[in-house]
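Read the structure below first, then the notes.
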């Protein structure tokens, strides 16, 4: 998902955000503490509070925004590789499955993990997550519209694509199998082709 600079080359703030995103992706919002974040980011606790005076909530929101940017970059790269949106979906799900397997089934969606765990208790976190989903739906919708799909069809298909990707990624994690994502990719391609 893009060219990542090694952790030691990043500024302190960026290290803190990326570390938080990874930890929340792997263990959730509640289980991720500021002390663990500071230790793994190789930053003092004072630095964490300096950059994020709002504490864990503010940091979680920024981690969601980081996850949003990373996945948006991933989607753009998949769409740029293939003009055909159906083929792009198959490639996208294959790449997601491969990355998940390589992470030992740990690196699911940091946005979903954090949003679900804080649902009903942290409206600002939920809002950041909804903004991420909307950003991703917009990228899919724009890809479909560039490929000649009517705006209303592209809108509905974009919702379906993101919903299915999120669900299939979670299913793949639980099953420790690439199959849910591979199946999702094939069926998304068929669905997209059926609207041509």
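The values are calculated or read from the model by the stated rules, or taken from the named source; none is laboratory data. Bear in mind the structure is a predicted one, so any value in this text is a computation, not a measurement. Neighbour counts are summed over all protein chains in view; Cβ atoms, including those assigned to glycine, are modelled from backbone coordinates with ideal geometry.
When 78, 129, 87 are screened for being within 28 Å of residue 193 (Cα to Cα) and crowded, with 21+ Cβ neighbours inside 10 Å, only 78 passes. A single entry from 162, 125 fulfils the requirement of being free of Cβ contacts under 8 Å to residues at least 60 places away in the same chain and in a helix (DSSP H, G or I): 162. Only one entry in 120, 99 is at pLDDT below 95, under 14 Å from the mean Cα position of the chain (by Cα) and surrounded by fewer than 18 Cβ atoms within 10 Å (Cβ to Cβ), namely 99. Within the range 28-49, if we keep just the residues that are touching a helix residue (DSSP H, G or I) at 6+ places or on another chain (Cβ under 7 Å), touching a residue at least 12 places away in the same chain (Cβ under 8 Å) and part of a loop (DSSP other than H, G, I, E, B), the residue that is nearest to residue 125 (Cα to Cα) turns out to be 29. Does residue 140 satisfy being touching a residue at least 60 places away in the same chain (Cβ under 8 Å), part of a helix (DSSP H, G or I) and over 12 Å from the mean Cα position of the chain (by Cα)? It is true that residue 140 is touching a residue at least 60 places away in the same chain (Cβ under 8 Å), part of a helix (DSSP H, G or I) and over 12 Å from the mean Cα position of the chain (by Cα).
All conditions but one from (1) in a helix (DSSP H, G or I); (2) without any contact (Cβ under 8 Å) to a residue 12 or more places away in the chain; (3) farther than 18 Å from residue 72 by Cβ apply to residue 97; the one that does not is (2). Give me the residue from the range 77-87 that is touching a helix residue (DSSP H, G or I) at 6+ places or on another chain (Cβ under 8 Å) and at pLDDT 95 or above and, out of that set, farthest from residue 175 (Cα to Cα). Of everything passing the filter in the range 77-87, 85 is farthest from residue 175 (Cα to Cα). In the condition set (1) closer than 30 Å to residue 30 by Cα; (2) in contact (Cβ under 8 Å) with a residue 24 or more places away in the chain; (3) surrounded by fewer than 17 Cβ atoms within 10 Å (Cβ to Cβ), residue 147 is compliant with all but (1). For the range 16-27, the condition holds for at least one residue, the condition being that it is more than 16 Å from the chain's Cα centre (by Cα) and either closer than 22 Å to residue 181 by Cα or at pLDDT 90 or above (or both).
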